[in-house]
Amino acid sequence: MREFSLSENLVLIGKYIHQILEFFFMLNFRERNLLAFYEINPNLDIADLVRVDNSLIVNQKLINFLNFNLPENINIINIDYILSPNVRRLYPKLRKGYHNEKMLLIIVPLVIEISSLEIPLDIDYKENVKIINAEYFFRLMNFSSELLRDVIYAISLAKRAPYSPSAFNELSNMAERAKNELKNKFGTRSIQKKEFESELKKMF
């Protein structure tokens, strides 16, 4: 039996928790017929390889649903989750085109204390970047109590998984189900891309 390896599993743990959170996010919004997407390129002016974890196209129905007030000029909300405790992994996300004068970027650290994070002064449109604690973020997104419970449990598994083979295996199984359900319910990345671009053309 192969020894449980912390270094080998860290990348997988990040992949697993992203799949799970992306799926729960899609469930929360698509079941209410709101325009939610996963792993699309939100900025059509930059390379297609740049993908954000989740996105929302803003309309009045979404504005009424969210538990916070949006600036009037925001058309798209982009969400990026980060599991790594290394702050250096967070700051490059501010330079990927995930935010501008009409796009809001919300970064959701899963293990870092947000009190230790600051947005660099040289970031353009820094007022449209928010760093929000995970549980508070999902409450702002008006997750149902059931989904919120599942999200908190998945994040707790991801935190324990580097040191616990049982937590790692449970997280892996949960991620496999989430990955399959993402594709079955909401389509592949390419389908998401087409749907996103189609909605943008209709609305803007």
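The values are calculated or read from the model by the stated rules, or taken from the named source; none is laboratory data. Computed from a prediction, not measured in an experiment: that's the story for all the values here. In this analysis, Cβ positions are derived from the backbone assuming ideal geometry, glycine residues included, and neighbour counts consider all displayed protein chains.
Observations
- If only residues of segment 68-81 that are surrounded by 23 or more Cβ atoms within 10 Å (Cβ to Cβ) and among the hydrophobic types (A, V, I, L, M, F, W, C) are counted, the one that is nearest to residue 52 (Cα to Cα) is 79.
- Those residues of segment 1-59 which are more than 16 Å from residue 161 (Cβ to Cβ), modelled with pLDDT of 95 or more and among the aliphatic types (A, V, I, L, M), in sequence order: 26, 27, 34, 35, 36, 56, 57, 58
Residue-wise test of (1) part of a loop (DSSP other than H, G, I, E, B); (2) within 17 Å of residue 67 (Cα to Cα).
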| position | (1), (2) |
| --- | --- |
| 88 | no, no |
| 92 | no, no |
| 112 | yes, no |
| 122 | yes, no |
| 137 | no, yes |
| 155 | no, no |
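- The listed residue being within 24 Å of residue 65 (Cβ to Cβ), in contact (Cβ under 8 Å) with a residue 60 or more places away in the chain and among the hydrophobic types (A, V, I, L, M, F, W, C), out of 151, 129: 151
- Residue within segment 135-154 that is in contact with a strand residue (DSSP E or B) (Cβ under 8 Å, 6 or more places away or on another chain), buried (at least 18 other Cβ atoms within 10 Å of the Cβ) and farther than 18 Å from residue 22 by Cβ present: no
- Here the condition is being farther than 23 Å from residue 75 by Cα, in contact with a strand residue (DSSP E or B) (Cβ under 6 Å, 6 or more places away or on another chain) and not β-branched (Val, Ile, Thr); of 121, 117, it holds for 117 alone.
- Some residue of segment 159-177 being within 17 Å of the chain's Cα centre (by Cα), under 16 Å from residue 26 (Cα atoms) and either among the charged types (D, E, K, R) or exposed (fewer than 13 other Cβ atoms within 10 Å of the Cβ) (or both): no
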